[in-house]
Each structure stands twice: as structure tokens, then as C-alpha cells.
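Each value in this text was obtained by applying a stated rule to the coordinates, not by laboratory testing. Everything quoted here is computed from the prediction, not taken from an experiment. Backbone-built Cβ (ideal geometry, glycine too); neighbour counts: all protein chains shown.
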Amino acid sequence: MTRTVILFLTVTITFCLIPPVLSAASSDEVIFKSGQKLIGEIKGLDKGILKFNTDETGTISVKWVKVSGLSSPNRFRVEAGTGLIFIGSIEKASEENKTVIVTDTGKILLGLDLIVTITSFEKRLLDRFKGYLDVGFSLQRAQRQTTFLLGTNVSYRTSKWNLVLNASSYLSKQETVPRTSRNDVGVSAQRDMKKRWVAVVMTGFQQNAELGLDRRLTLGGGLGHKLIWTNNMIFTVATGAIGVDEKYSDAAASAQSAEAIFSGSLSAFRYTFPKLNFLVSAKIFPSLTDWGRVRAELDTSLSYELISDFTIGLSGFYALDSRPPTEGARKHDYGFTTSIRWEFHQ
């Protein structure tokens, strides 16, 4: 599985680095509250940062709170924090701090403070990917211990769907101690609905040597709701159900079960330098077929910007199984890692 994750990351990074053959015309305009204007290409808006490209400066990061207007003849997907989604070109509004979205059904006047994301559809297919790559490594001579971490998050946005891949691989080796590994891969398809609701279909694979888990395969779906959605914070709750096929090292055969899901995630970010990103995610899995068994997963991370697109991060995880299927299996596992992160986006 580790080799599969590494192969996927290699292919993804290679495609992301391929220069585009065609790009949108450099006729977009951004107007600052100071009165200054820039002509170039709108690459996208995310987490309070507008990516804008000009021939003179290349791609620059503009604080969204500094923008008073913008325009582009190209088509974009514009999301408002209220949950409304618009597809169309962008025109300058007669009022400051507002813009006009020209959709197929008419023109929509929208305040800039309500806009949380802008995604371009004029770019080539591969330019719609965004995400990050985490790499961590440590070597301790005194304890003869080596630790390696590899993780990624890659998303691809269409007009109505958001496809997301999460993968992480953790390996620790120490003389006289059995090797410890933890692998986690998840793929989800998220369908935007009205009023900040999201429908999700998901599948995943887990392996954890510390818990004696050889494999856990999951498939299911559910509904999520963005309770808070602004340019510096996203708070989401979700519920659903999954089918589970798992095999423990001490078990003769795999076992199948069904579980409910209750989850919540909080993502907060500061776009003034130095850029900070904080994420905490909690999931609870009460078993529907083995009454009384409950699994739980907690993940948290904090990243600090070193230079543009590169951050140093601290992440931690905690996994709990109140009643493992095999006797003697550990009930919980936890760990902390540091890593260097490279972010790739519009």
C-alpha cells in the first residue's frame, strides 16, 4: 500500500508541474480599495487569498479584504458563504465592494464579503487540482530509530462535485522492536446541495500494525452541513453509515459489519504573514451490528508558513476501538509527527 501511495503522489506531482498549453486570456481586472488596478488572470480564491497572475509579477497572492472589485470575461464557479453557488463571468459593479455574476439566467449582484471561493473553468483539466504533500523524516542514532511520514490531500472541483483523495503512510523502525506502520487512504465524492448541505459518497482503506489491524475496507455515504463558512473558518458536521470489512492479524478470517458515522471538523486559517492553518477532525463510529462496540478517530494539525507554498507542520492522531474483534488487541493508538508541506493549487 505504501508503494501505491508513493506512485500516486509521483504521478499527481508530475501532472501538476506540466506547463499549461492553453491559458485564459490576460484580460481580467482586480481593483484594490486603494484605487490601484491590476490587469492579468484570475486564478482563484480560497481561504481569503485571491491568486492573480500578471506577465510582470507571475502569480501573486492578494488578500481578499483588500479587493473592492474585479471583472473577467471567463467563466467561474463562485460560492457564497450563504450556500449559494453561481456559474458565470464576472463584471464590475457600480458599487464598491460588490461584483456582478453574469449567469445563464441573468445577472446577480453580490457583495465581495459574501464570496468564499472562486474556481476558474477556463483552465485546462489538470489545473483544477489543488492540495498538498507532506513529507516527514527523523533518524535517532542513540535509539537506532527511523521514522518516515508521507501524506497528501488532492481535490478536483467540477461545477457540482468535489472529488477528494486523502492518503497517509507512517513507518517507524527500531532495532530489537517490531516495525510499526500505519496506512490510511480515503476517497470521497461530495455533491453540493442547497443551503450549505453536502451529500457524500466515500470509500477507504486502513492498516494499523499497532492495533493488529491488517486491513479495514469501508464503503458508505451520508450528509454534511457547513455550520460556519467564511474566509477564515469552516465548521462542518456530518452523519451517515458505512459497511466495513476488516481483518485482524490474530483472526482466521475477515469480518463484516455496519457502522453509523457522526463527525465534525473545524478548519481555521490566518492569511496574514506568517500564514497559519489549524485543523481538527473527530469521527465516532457506533457499530450497528455489534451493539456496544464504538470506534473513534481524532486528527489534528497545525501548519506554519515558511515561504510561499511551503509550511512546517505538527500533526497528531488518536484511534480508539472500545471492543476489538480479537482478544489481546490494543484498544487505542496515538502519535505526533512533524513534516514539511508543499501546497499546490490554482
Binned at 10 Å from 0, what are the whole-percent values of the Cα-Cα distance distribution for the stretch 27-123, short to long?
17, 57, 24, 1
Starting with the fewest neighbours, write out Met233, Met202 ranked by other beta-carbon atoms found within 10 Å of each beta-carbon.
Met233, Met202
Counted neighbours (other Cβ, 10 Å), sorted fewest up, put Ser181, Ser34 in the order Ser34, Ser181
For n ≥ 4 DSSP H runs only, could you compute -39500 (n - 2.57) per run for the chain, divide by its residues and tell me the 222 nm figure to the nearest 500?
-1500 deg cm²/dmol
Test item: Cα-centred dipole of the chain, Lys/Arg +1 and Asp/Glu -1 on Cβ, debye
180
Just rank Phe285, Phe336, fewest to most, by other beta-carbon atoms within 10 angstrom.
Phe336, Phe285
Over 18 Å between alpha carbons, listed pairs Lys107/Lys160; Lys160/Lys226; Lys160/Lys195; Lys33/Lys107; Lys66/Lys275
Lys107/Lys160; Lys33/Lys107
Select from the stretch 45-98 those GluC sites (Glu not before Pro) which occupy a DSSP coil region and have at most 14 other Cβ atoms within 10 Å, ordered by residue number.
Glu56, Glu95, Glu96
Projected onto the charge dipole of the stretch 27-123 (+1 at Lys/Arg Cβ, -1 at Asp/Glu Cβ, origin at the Cα centre), which of Val62, Gly40, Pro73 gives the Cα projection farthest towards the positive end?
Val62
So, over other residues within a Cβ distance under 9 Å of Trp161, counting Lys, Arg +1 and Asp, Glu -1, the net charge is +2
Which ³J(HN,Hα) values, rounded to whole Hz and listed in residue order, are derived for the stretch 294-299 from phi using the Karplus coefficients 6.51, -1.76 and 1.60 in 6.51 cos²θ - 1.76 cosθ + 1.60 with θ = phi - 60°, glycine and proline given as x?
9, 9, 8, 9, 10, 10
For the chain, with the dipole built from +1 on Lys and Arg beta-carbon atoms and -1 on Asp and Glu ones, taken about the Cα centre, which of Val244, Met193, Ser172 lies farthest toward the positive end?
Met193
For the stretch 155-167, take each phi angle, set θ = phi - 60°, evaluate the Karplus expression 6.51 cos²θ - 1.76 cosθ + 1.60, and give the result in whole Hz per residue in order, putting x for glycine and proline.
10, 9, 9, 10, 5, 10, 10, 10, 9, 10, 10, 10, 8
Give the lysines whose C-alpha is closer than 25 Å to that of Lys247, dropping any in the same chain fewer than 8 places away, or say none.
Lys173, Lys283, Lys331
Along its three principal axes, how long is the chain when you only count alpha carbons? Whole Å, largest extent first please.
70, 47, 33
